[in-house]
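Visitor: Following this message is one structure expressed as C-alpha cells.
The numbers here are math on the coordinates, done by the rules we state, and not lab data. Here the structure is a predicted model, which means the values were calculated and not measured.
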Amino acid sequence: MGSKQELLDFLYEYAGFFTEMEQTETQKLDNLLSRQLERIEHSIAVQQAMDKRLENLEKKRVDLQIKLGFDGMTFTRLIQEFPEENRAELKRLFERIQKSLDNIKYLNQKSMKVAESKLEEIGSTPIKTSANISQYNGYTAKGKMKSSSPSILETKV
C-alpha cells in the first residue's frame, strides 16, 4: 500500500476546493441578485471552470485511491485504515467537506430560485424544478453532486 500521507495531503486539497466552491456559490448568488448581466455572465464562466476542476479532482481522487489500495472504501472505512493518531484529523476533514457540500447545495438552491424568479419577471419560461438540475449546476434534483465519477462523500471511495 502506498503513502497514506499522500492521500491525506490530497484530501486537504479536496476540502480546500469545496471551501472555494462554497465561496463561489455565495458570489454566484450575490451576482444573480445584483441584476448586472456582466456579473451574472462572470458567474456562469466561473461555474463552468469549477465544474471542470471538480471533474479533474474526482478523477485524481479515484486514481490515487486505486494506486494506494483504497479503492471501493467509504470515507468512514478509509478513516479506519489510518493510524489512530490520524483518525480525529480525518474525521474533522470529512466534517469540513460535508459542511461545505451542504452549504453549496443550499446556496445553489437559493440561486436557482432567484434565477427562476428573474425569468418569471421578464416573462421567460422558468426552469422546471423537477428537471434534472444537474445540467445547470453540477447537482441532481436531490442535491447529490454529479460528476463523471461519484463524490467521495456519497459513494464508496
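Visitor: How many percent of Cα pairs in region 4-123 exceed 19 Å?
Guide: 55 percent
Visitor: Identify all aspartates and glutamates with a Cα-Cα distance to residue 28 below 15 Å; exclude those on the same chain that are fewer than 8 residues away in sequence.
Guide: Cross-link targets: 20, 38, 41, 51, 116.
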